[in-house]
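Notes for the one structure printed next.
The values are calculated or read from the model by the stated rules, or taken from the named source; none is laboratory data. These figures come from a predicted structure and were not determined experimentally. As a convention, Cβ positions derive from the backbone with ideal geometry for all residues, glycine included, and neighbour counts pool all protein chains shown.
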Amino acid sequence: MGGTRCARMGESEAALHSRQGRLRLAFTGNLDGASASRACPPGGDAGLTFPRGVWYAFAVLRFEEALSRILALGTPALSVERVPIEDLDGRVLAEDLVARADLPGFDYSSMDGYAVRTRDLGEPPIRLPVRGESRTGVLPDALAPGSSMRIFTGAAIPAGADAVVMQENVTRDGDIAVFTAAPRAGQNVRRRGDDLAAGAIAIAKGTRLRPAHLALAASLDEAEIAVTKRPEVAILATGDELRRPGTDAVPGTIPESNTVVLRAMARRAGARARALPYVRDERAATERAFAAALEEADVVVTIGGVSVGDHDLVRPALEAVGVTLDFWRVAMKPGKPLAVGRFPRAGRRDAIVLGLPGNPASAMVTFALFGAPLLRALSGDARPFPPTRRARMTRAHVRDPGRLEFVRAMVGHGDGGELTVTTLGNQASGAVTTMAQSDALVLVPAEESGVPAGAEVDVLLMSDLCG
């Protein structure tokens, strides 16, 4: 029977590919002894032969490298469409929005009061006749020399006027306005172009639009704007044990929660996301479901079945339908098994595959750290991955070193207002409760056996990761 031999101790990529010629899993660099031994199944050795079609990891990527590779799959961004400003909240600007005119477009009053010409004013009290008024929506006549004009907030400054005296500082004597103090030139006047000059960049390309951005666009007289299309995401959960929440609790089954949370997370990242019917642990059915999803979606997210168990069919099924995996293991906890690959489509952009672990906490953490940033990159977001923040640990966290760990935690504030973080007790990969309680992930470096209370650590806020 034809087979693929496990990597020999210290063998380079080039030598291994030359010797084998049949590897599907790409990696870079040399394999050290530890990596090579992990590349073989338990009980195997560096010269053992395994059946063709079975995939083994020849390298475990560092988190930073895995994230870099995934973000590269999102470049360049998807194509562009023009969308009415009413529907732009959360979309990503595809090109700089440039002011076509000054903002504001004319000098206007910031107060209800009286428009005056300061050079006409002498020593107070100053008495000036009131001639006309300026109200919003109407261009006023010019201000006659030696007079004042009633004016309202937002109304255009009449030609000849250079200041507005607020009405609380003016008394009326019939048609005469009496001023107790002389205003300075420019007082209570908002000048044309003060906010933004014509030709200036109002909103930069790659900005994820918030409600205030929509107000700015409307103020610039834009009815619609060019944004990047939303990524289309298909989510498939695999496993014979899965059932919809609320259905009959057949012994041996569990209510499936991953598609619910991942669809919500994908939508918050700006995608159009839908959950497809559950895929049972049957090879042909798995291949059919994957093939259909890959033709329709920009990103296909699979849940479960990416490990090396007898019923883990995701990776061989992906290979069978034509997916090329870039990598499938990351040195992190939770979420070490993570399949990432591409599916070529004639005349179209390649579909991207993210194969997530099936344990709920692992699926949520890996999607927050890799899936959501990928969707932001595909959307053209200039900041697909958020910055870490510094916080002080309120309690110690002890663990076994070896992998970068993302520890579920709750954020607070110390007496001086500094950010604090309290790690939660149950860090198991299947613990949904602590995922629901957490609002941050504490980063514990791979080489550390723990973090003492009072230490400063890097944290990622879930609100930054998931919106």
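Among the residues that make up segment 116-129, is at least one of them modelled with pLDDT under 95, among the acidic types (Asp, Glu), outside any helix (DSSP H, G or I) and out of contact with any His (no Cβ under 9 Å at 6 or more places or on another chain)? The answer is yes, given that some residue of segment 116-129 is modelled with pLDDT under 95, among the acidic types (Asp, Glu), outside any helix (DSSP H, G or I) and out of contact with any His (no Cβ under 9 Å at 6 or more places or on another chain). Close contacts from segment 59-85, counting a first residue that is more than 30 Å from Glu222 (Cα to Cα) and buried (at least 17 other Cβ atoms within 10 Å of the Cβ) and a second that is modelled with pLDDT of 95 or more and aromatic (Phe, Trp, Tyr), with Cβ to Cβ under 6 Å and a gap of 6+ residues or different chains, come to Ile70/Phe370. The lone criterion from (1) touching a residue at least 40 places away in the same chain (Cβ under 8 Å); (2) surrounded by 13 or more Cβ atoms within 10 Å (Cβ to Cβ); (3) over 30 Å from Glu222 (Cα atoms); (4) of a type in the set (A, V, I, L, M, F, W, C) left unmet by Ile151 is number (3). Could you go through segment 68-75 and let me know if any residue there is touching a Phe, Trp or Tyr at 6+ places or on another chain (Cβ under 6 Å), at pLDDT 90 or above and assigned by TED's automatic domain parsing to the domain that holds Ala271. Yes; the residues of segment 68-75 include at least one that is touching a Phe, Trp or Tyr at 6+ places or on another chain (Cβ under 6 Å), at pLDDT 90 or above and assigned by TED's automatic domain parsing to the domain that holds Ala271.
Please determine whether any residue of segment 368-383 is in contact with a His (Cβ under 8 Å, 6 or more places away or on another chain) and outside the structural domain of Arg91 (by TED's automatic domain parsing). There is no residue in segment 368-383 that is in contact with a His (Cβ under 8 Å, 6 or more places away or on another chain) and outside the structural domain of Arg91 (by TED's automatic domain parsing). Looking at this structure, is Asp112 surrounded by 15 or more Cβ atoms within 10 Å (Cβ to Cβ), modelled with pLDDT under 95, over 30 Å from Ala351 (Cβ atoms) and assigned by TED's automatic domain parsing to the domain that holds Ala159? When the stated conditions are applied, Asp112 does not pass them. Annotation: of all residues in segment 333-362 being among the small types (Gly, Ala, Ser) and assigned to a strand (DSSP E or B), the one that is surrounded by the fewest Cβ atoms within 10 Å (Cβ to Cβ) is Ala351.
Residues that are touching a residue at least 40 places away in the same chain (Cβ under 8 Å) and surrounded by 13 or more Cβ atoms within 10 Å (Cβ to Cβ) were ranked within segment 115-126; the one that is nearest to Leu196 (Cα to Cα) is Ala115. Criterion first (over 27 Å from Arg268 (Cβ atoms) and in contact with a Ser or Thr (Cβ under 7 Å, 6 or more places away or on another chain)) does Ala197 satisfy it? No: the conditions fail for Ala197. For the residues Ala142, Ala159, the requirement of being over 30 Å from Ala218 (Cβ atoms) and either in a loop (DSSP other than H, G, I, E, B) or basic (Lys, Arg) (or both) singles out Ala142. A single entry from Val189, Val164, Val178 fulfils the requirement of being at pLDDT 95 or above, touching a Pro at 6+ places or on another chain (Cβ under 8 Å) and buried (at least 17 other Cβ atoms within 10 Å of the Cβ): Val164. When each of Val398, Val421, Val457, Val432 is tested for being surrounded by 13 or more Cβ atoms within 10 Å (Cβ to Cβ) and either free of Cβ contacts under 8 Å to residues at least 60 places away in the same chain or assigned by TED's automatic domain parsing to the domain that holds Thr207 (or both), the lone residue that passes is Val421. Residue under question is Ala409, and the condition is that it be within 27 Å of Val299 (Cα to Cα) and not assigned by TED's automatic domain parsing to the domain that holds Leu71; does it hold? Against the criterion (within 27 Å of Val299 (Cα to Cα) and not assigned by TED's automatic domain parsing to the domain that holds Leu71), Ala409 does not qualify. Only a single criterion out of (1) part of a strand (DSSP E or B); (2) at positive phi is not satisfied by Gly90, namely (1). Scanning segment 370-397 for residues that are more than 8 Å from the chain's Cα centre (by Cα) and either among the acidic types (Asp, Glu) or assigned to a loop (DSSP other than H, G, I, E, B) (or both) yields Ser379, Gly380, Ala382, Pro387, Thr388, Thr394, Arg395, Ala396.
For Ile225, the conditions (1) touching an Asp or Glu at 6+ places or on another chain (Cβ under 8 Å); (2) closer than 15 Å to Glu86 by Cβ are fulfilled apart from (1). In this structure, does Arg135 turn out to be within 30 Å of Pro211 (Cβ to Cβ) and in contact (Cβ under 8 Å) with a residue 60 or more places away in the chain? In short, no. Assess whether Ala293 counts as being in a helix (DSSP H, G or I), under 30 Å from Ala197 (Cβ atoms) and in contact (Cβ under 8 Å) with a residue 40 or more places away in the chain. Answer is no for this residue.
What's the total number of residues in segment 316-332 that are aliphatic (A, V, I, L, M), surrounded by fewer than 21 Cβ atoms within 10 Å (Cβ to Cβ) and farther than 21 Å from Leu375 by Cβ? Count: 3. Need the failing condition index for Ala285 against (1) farther than 24 Å from Pro231 by Cα; (2) touching a Ser or Thr at 6+ places or on another chain (Cβ under 7 Å); (3) of a type in the set (Gly, Ala, Ser), just the number. Answer for Ala285: the failing condition is (2).
When segment 405-464 is filtered for residues that are farther than 30 Å from Val260 by Cα, in a strand (DSSP E or B) and of a type in the set (A, V, I, L, M, F, W, C), the ones remaining, listed by number, are Leu419, Val451, Val457.
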